[in-house]
Each structure stands twice: as C-alpha cells, then as structure tokens.
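Peer 1: Structure below; questions to follow.
Quick note: the coordinates plus some simple rules give every number you see, no bench work behind them. Everything numeric in this text was worked out from a predicted model, so none of it was measured. Glycine also receives a Cβ, built like all others from the backbone with ideal geometry; neighbour counts cover every protein chain displayed.
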Amino acid sequence: MPPLSSQNFGQMAHHVLGGYRTNTTRPTIILVHGGWQGPSSFSLLVPRLEKAGYSVFAPTLPSAATKPALPSFDEDVKIVHNALQSVVDTGKEVIVVMHSYGAVVGCEALRGVKVKDLTEPRQSHDDLEAAGVVKLVFLCGMVLPVGGSTWKAEKGNDPVPGFECVDNLITITDAPNRFYNDLPPHSAAYWTSKMRAQSRLAYSSQLTYAAYHHIPSSYLICTRDHALPPKVQERMVAMAGIEETERVEAGHLPHISQPGFVERFVRKSAGEFLSML
C-alpha cells in the first residue's frame, strides 16, 4: 500500500470512521485495533474523543480482513506506519492507542517515526519541529520483548480449545466468553458477528522494535479479561517498565463495554486533568 499523503489522510479517515475533524490544539490520536477486529470496534470510543476535541484515525489492519492469509504482519505495520508518518508530516503531535495485537503492530510501526521530546520548550502544533509521537496508550495490549510474537506469547504451538485454524486463518469459537464476557448476551452476539478470520502467520511475526522503551507509555489493565488474563498483562507491564497504569473491571474489549472509562483514560494519558469528570 502506498504511503498516505497529507491530502488523502483526512479523506481515508472520514471513509473509515465516518468523520474526521482537524484540531490544532490537541494531539491526533491513532487507534490500532486488535486481531479478529476492525475499526468498528472503536465506534463507541471515537465520538467521545472527537467531542473532546481530538482528531482520530483508525486504520484497518489487513491481516484480519484478507484471504488468503497474509504471510506476516508486514502489511499491518506498513499501514499504521504510513498513518503515523502522515500525521507527523502535517506538524502534529500523535498519541498511539493500541489494543491487544494492535500493540505489536503499533510498536513495530513506530520504528523511524519522529518522537517528540516533551521536555523541550513547547512550540506551535503547526510547526514541523514540534511534531512527533508523544505517548503510547495500551488497552490490554500485547506488550512483547524484541523477538516475541503474539501467537507464541499467547498460545504456544499446541492446538488450543476455542480456536480453529484453516489455511492459516484463525477463527474463535468461544468469542462470547473469551472476548465479550462482560457484555449482555445480545451485545456479545452482535460483536461476535463482526469478528473476522485472523492470519496466524501475522500473529507469528516477531517484534523487532520495542517502542515502549523510547516513548512514554500508559497501560490499562482489564481485570475480567478472558483472552489476555490480568496476570499476563501485569507481567508484560513489568517487563516493559511501564509505571503509568490503571485497572478497570472489564473484559478484553473495554472500549466496547466501558467506552466512557477508556475515553477518560486516554485523555488523562494525553495530559488532561480530569479529576472533575
């Protein structure tokens, strides 16, 4: 996929999310969805962030939308890298919000993207010298060490109950319990119907860039997560040395079950003072 230009970046964001609003006083937020999902998984979160004055873009990761299965996570990484670079090239600060597998893609995609040092004197948001990534926000994200991979870290090489793999495309057979256990049955059924087959080969790709070592990060631990148990999340947080954490009583998709909480967490991670919200 060719790089997103400054001109078509806004058009693509509008196509994906149904709206894109430029705002020069707040960072732009890039949302990176997890496996088996699409940008629609953020549909309850995006309007809240836009109402708060943020420009938001959620690219589609093709590893969960392509047949035959993609051979690696490279296409996912490319589209996120291009989105990040396009925003930075317009002179904006960027916050990257990553869910689950999206954390692996997002970290890898940040290689070579300018990081903004917030200890330097603040300049205009329209000044290219002021542009860059300022924060990483993980939502029960797969925070891996260099050399780690999602499938190896999460499931190993043995067959796993609840997963079916045909032609290197994985489907989940117990999604209501694994992903949506904190939703009413009718809502769990609705979101399950939107899930896609996920490339196993993309999940087997190894991380080569630990962006969390170079960019300030925050992590939302989901205590009712049946897909990535909280103890695993806590080990990842400790490995990465992330000190800014919060906990929420939510399953694997807190931006669906508790979008208000996630909105506030993202805004606080962005530096807002929300004690009165």
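Peer 1: A 31 angstrom limit on the alpha carbon distance is what I want to check against. Which of 135/194; 67/116; 51/78; 194/231; 67/268; 92/194 exceed it?
Peer 2: Violating the 31 Å limit, Cα to Cα: 67/116; 67/268; 92/194.
Peer 1: Could I ask something else about it? The stretch 6-269: D in µm²/s via Stokes-Einstein (Kirkwood Rh, Cα pairs, 25 °C, 0.890 mPa s)?
Peer 2: It diffuses with D of about 134 µm²/s by this estimate.
Peer 1: Return the long-range amide H neighbours of residue 73 (sequence gap of 5 or more, or a different chain), with a cut-off of under 5 Å between placed amide H atoms.
Peer 2: 205
Peer 1: Something else about it: Would you list 239, 142 from fewest to most Cβ contacts within 10 Å?
Peer 2: Lowest to highest Cβ neighbour count: 239, 142.
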